[in-house]
Amino acid sequence: MSDGHSEIVEAEGHLIDSRLLASVFDKVIERGAKYHVLDFAIGRTNDDFSRLQLQVTTKSEEALRELLEELVPLGCYPRPQRDARLEPAGDGFVPDDFYSTTNQRTQVRHDGEWLDVKRQRMDAVVVVSDGRAACRKLRDVRAGDPVVCGVDGIRVVPEFKERDRLGFAFMTNDVSTERRVEVTVARVVRMMQEVKADGGRVVVVAGPVVVHSGGSGYLSQLVRYGWIDSLLAGNALAVHDVEHAFYGTSLGVDLERGVAVDDGHKHHMRAINAIRRVGGIERAVAEGLLQSGLMYEVIRREVPFVLAGSIRDDGPLPDTIMDLSEAQERYAEQLQGARLVLMLSSMLHSIGVGNMLPAWVRVVCVDINPAVVTKLADRGSSQTAGIVTDVGLFLHQLATQLGSKMAPGSGREHAREGACAPGASRPVRG
């Protein structure tokens, strides 16, 4: 090869059918660098990995460093193997050449051993301490913490393309027909059944459109029968769910008749006021004030929930966490151990949760707006299977196909005698 600054990198895995091989070559060319394939072995069976050894050459040392930073997330790591370089952090900040994490499985080499990075997520730093490596947000870094810098001693293992993905390969960002939604939902049902049968957790991220579209009753049914292990949302979902339970409206619109009611614009504020008067949603259920709806089922089934506040919130409800850092931490706690995340019509919270998830957690994003689905993938959540349809229709199909079956291993009894059916409401008087 011509004179310049060179490095040998290696990669292994399903490099061809996961399109990683083409991505590596494209990245080298985009950077104006050159590559020379030193060795390439193609896997001989479906399960065998392919292996690549590549020499890359750039005109400057800085260009080489930048190229290596872009090749590492594609599964490339420099040869020979070197320990990761650790530099001390400041209080809430790190050296300029810190390694910024992806959501892919990552290892760092320390004292000659490869350490699995814990709490994997994107847009974090890696701190190595006491023989362990873990992702940490910038705000949580403290002075003196040993932070991984540069690209030496970092090995990323991308999620390789699954040959089936439960049939999700056929899905596109086109708006689905009803028949197609039925077929797609059947695959989601199988995913949920497999996750629950294996003792895994299913987490739902939901926006207020779930209520507006008439889907909250069906989501309530999934909660009642043990299919949902945690609910992450904002203030608005709970507010309009309570409004619907009290008045049968959402944003003042009667969901049964589809028309605005007199003084309906006041209903959500009256709902907030009623919950604030008793001190929170749980107290409202305990005192018999709130007797139906999604939040009612969540409380009755003791499903953990987190409501993250924003600047636009009315009220808010006493249960809503208005401290952003605390809300993020509470979200992250509920995502630990999740095997499947259903994102239902909430761009803000879906993208936020996507940033917190490692790439091996399956994600199903349902939204009538295709931009939400594509934005998740653009932000790095490439494991997302997108369903572009009305979320109310999706939840109706999901609840219908699951029926009244209890989730495997849920250990939960049926809802108490006299609990409201999905979508039912009891108005508040006075």
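Where a number appears in this text, it was derived from the coordinates with a stated rule and is not lab data. As the structure is a prediction and not an experimental result, all values here were calculated from the model. With ideal geometry, Cβ positions are generated from the backbone for all residues, glycine too; neighbour counts draw on all protein chains shown.
The chymotrypsin sites (Phe, Trp or Tyr not before Pro) of the range 1-81 that meet both conditions, a loop assignment by DSSP and at most 15 other Cβ atoms within 10 Å of the site Cβ, are F49. Evaluated at q = 0.13, 0.16, 0.27 Å⁻¹, the base-10 log of the normalised Debye intensity for the range 1-77, with identical point scatterers placed on the Cα atoms, takes the values -0.36, -0.53, -1.31. 3J(HN,Hα) along the range 295-312, derived from phi through the Karplus expression 6.51 cos²θ - 1.76 cosθ + 1.60 where θ = phi - 60°, amounts to 5, 4, 5, 4, 5, 4, 8, 6, 7, x, 9, 9, 10, 9, x, 8, 5, 8 Hz, with x in place of Gly and Pro. Altogether, the Stokes-Einstein calculation at 20 °C and 1.002 mPa s, with the Kirkwood radius of the range 1-137 over Cα pairs as Rh, returns a diffusion coefficient of 132 µm²/s. When the alpha carbon coordinates of the chain are projected onto the principal axes, the ranges are 83, 50, 39 Å, largest first.
Fraction of C-alpha pairs exceeding 21 angstrom in the range 165-402: 54 percent, rounded to a whole number.
Listed values for the range 5-19 are Karplus-derived 3J(HN,Hα) couplings in whole Hz (6.51 cos²θ - 1.76 cosθ + 1.60, θ = phi - 60°), namely 9, 10, 8, 9, 10, 10, 8, 8, x, 7, 6, 7, 6, 8, 6, and x replaces Gly and Pro. Taking Cβ atoms as reference points and 12 Å as the exclusive limit, the residues near V28 contribute a net charge of -2, counting Lys and Arg as +1 and Asp and Glu as -1. Among the trypsin sites (Lys or Arg not before Pro) within the range 271-331, those in coil by DSSP and having at most 10 neighbouring Cβ atoms inside 10 Å are R312. Pairs of Lys residues in the chain, spaced 8 or more positions apart or belonging to different chains, with C-alpha separations under 21 angstrom: 6 in total. Taking one equal scatterer on every alpha-carbon of the range 219-324, how large is log10 of I(q)/I(0) by Debye at q = 0.23 1/Å? At q = 0.23 Å⁻¹ the computed log10 ratios are -1.30. Normalised by the number of residues in the chain, the mean separation of alpha-carbon contacts (under 8 Å, six or more apart) gives a relative contact order of 16 percent. Computed from label points 7 Å out along Cα-Cβ, the spacing between I16 and L348 is 4.8 nm. What do you get for GluC sites (Glu not before Pro) in the range 250-289 restricted to DSSP loop and a cutoff of at most 12 other Cβ within 10 Å of the site's Cβ? The qualifying sites are E256, E287.
Annotation: amide H of V205 within the under-5 Å range of L232, L342, M343, L344, sequence separation 5 or more or interchain, hydrogens built in the peptide plane. As a rough footprinting exposure proxy, the listed residues H244, H265 were ranked by other beta carbons within 10 Å of their own, and the order from fewest upward is H265, H244. Relative protection proxy for 133-140, 225-232, from highest mean packing down: 225-232, 133-140 (other beta-carbon atoms within 10 angstrom). In a reduced charge model with +1 at each Lys and Arg Cβ and -1 at each Asp and Glu Cβ, the chain shows a dipole moment near 1060 debye about its Cα centre.
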